[in-house]
1. Test residue 121 against the criterion of being in contact (Cβ under 8 Å) with a residue 40 or more places away in the chain, more than 18 Å from residue 8 (Cβ to Cβ), part of a loop (DSSP other than H, G, I, E, B) and out of contact with any Leu (no Cβ under 7 Å at 6 or more places or on another chain), and give yes or no.
2. Can you tell me which of 19, 45, 56, 106 is charged (D, E, K, R), touching a Phe, Trp or Tyr at 6+ places or on another chain (Cβ under 7 Å) and without any contact (Cβ under 8 Å) to a residue 60 or more places away in the chain?
3. Could you please find all residues in the stretch 78-106 being modelled with pLDDT under 95 and small (Gly, Ala, Ser)?
4. Hey, among the residues in the stretch 78-109 that are open to solvent by 50 Å² or more (accessible area, probe 1.4 Å) and assigned to a strand (DSSP E or B), which one's nearest to residue 45 (Cα to Cα)?
5. Can you confirm whether residue 75 is modelled with pLDDT of 95 or more, open to solvent by 80 Å² or more (accessible area, probe 1.4 Å), out of contact with any Leu (no Cβ under 9 Å at 6 or more places or on another chain) and under 15 Å from residue 5 (Cα atoms)?
6. How many of the residues in the stretch 43-71 are assigned to a loop (DSSP other than H, G, I, E, B) and either open to solvent by less than 60 Å² (accessible area, probe 1.4 Å) or farther than 20 Å from residue 111 by Cβ (or both)?
Amino acid sequence: QVQLVESGGGLVQPGGSLRLSCAASGSIFIIYGMGWYRQAPGKQRELLATITNGGRPNYADSVKGRFTISRDNAKNTVYLQMVSLKPEDTAVYYCNADLTPTGSTRAKNYWGQGTQVTVSS
């Protein structure tokens, strides 16, 4: 069974930094695109950044210049480095991946369970 597990969330002061990780585990043949989303209370889930299998990133305007997405294909892990954090960055952060499980011929989309990021003094 394939799982995505996020880690690295927590409480940080405004202007601080956090690095989120998301590891994919299970029987995986190949992982295609991976990405990070967030959802604040009362708001829709928001796409933050994506990264292709080849490492090409893309960012939402709201986080461009402050967040950096990267991945380690050998570890099936995607990262989100966040700097200059603001109170409005407070949300549950989710990772997402398109991947083909071992033994399957079709790619499927998977979500992690989310990790809370709170930016507050």
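The values are calculated or read from the model by the stated rules, or taken from the named source; none is laboratory data. Quick caveat: nothing in here was measured; it's all calculated off a predicted structure. Here the Cβ positions follow ideal geometry from the backbone for every residue, glycine too, while neighbour counts run over all protein chains shown. The accessibility values were calculated without ligands, DNA or RNA, using every heavy atom of the protein model including side chains. Shrake-Rupley method; radii C 1.70, N 1.55, O 1.52, S 1.80 Å.
1. So residue 121 passes the test.
2. Result: 45 is the single residue among 19, 45, 56, 106 that is charged (D, E, K, R), touching a Phe, Trp or Tyr at 6+ places or on another chain (Cβ under 7 Å) and without any contact (Cβ under 8 Å) to a residue 60 or more places away in the chain.
3. Selection gives 103, 104.
4. Taking the candidates together, the pick is 109.
5. Criteria met by residue 75.
6. 11
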